[in-house]
Amino acid sequence: MTDKTAAPRTARIKTARIETAATDRDVLYTGIPVAVFAAVLVGAALLAFGRELADINAFLAIGINLIVVGGAAPTVLRWRRAPVWRWPVYGTCVGGVVSFVVLGISVVTNA
């Protein structure tokens with residue numbers, strides 16, 4: 001009797017996993033462009049803000065950018081748990097890191 005009930009239950013579990021995998025793959029096609037857009041937007045904003053501050057003082061640019069990102073990071077990382085917001089959060093994190101690298105390079109080369 002246990003052999004008859006085990007097969008249908010296993011089949012239902014496998015079917016549910018296949019449907020979930022297909023849904024995640026479909027979300028990937030819309031999530032990556034959203035993440036790229038968020039990365040470009042955040043990266044450009046932080047870089048423009050940092051470059052203008054670097055014209056005044058290089059340490060001011062890096063310090064204020066760290067304060068801005070450090071203040072926004074807890075809220076943004078909390079949004080990562082929501083399925084809709086995870087892609088913009090990934091893009092925001094990548095854009096912030098890339099902008100800091102580019103800002104550091106541009107401050108060093110112009111100093």
Inset, instruction - Identify, by number, the condition in (1) touching a residue at least 40 places away in the same chain (Cβ under 8 Å); (2) within 15 Å of the chain's Cα centre (by Cα) that Ala58 doesn't meet. - result: (2)
Inset, instruction - Please state which of the following conditions Ala82 fails to meet, knowing it meets all the rest: (1) open to solvent by 60 Å² or more (accessible area, probe 1.4 Å); (2) closer than 15 Å to Gly31 by Cα. - result: (1)
Inset, instruction - Can you tell me which residue within region 54-78, out of those that are among the polar types (S, T, N, Q) and assigned to a helix (DSSP H, G or I), is most open to solvent (accessible area, probe 1.4 Å)? - result: Thr75
Legend entry - Residue check for Val40: surrounded by 10 or more Cβ atoms within 10 Å (Cβ to Cβ), part of a helix (DSSP H, G or I) and at pLDDT 90 or above: yes
Inset, instruction - Tell me, please, whether a residue that is assigned to a helix (DSSP H, G or I), modelled with pLDDT of 85 or more and farther than 19 Å from Pro33 by Cα can be found in region 79-99. - result: no
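The values are calculated or read from the model by the stated rules, or taken from the named source; none is laboratory data. Please read all numbers here as calculations on a predicted model, not as lab measurements. Using ideal geometry, Cβ is built from the backbone for each residue, glycine included, and neighbour counts are taken over all protein chains shown. Note: areas computed on protein heavy atoms with side chains; ligands, DNA, RNA excluded. Shrake-Rupley method; radii C 1.70, N 1.55, O 1.52, S 1.80 Å.
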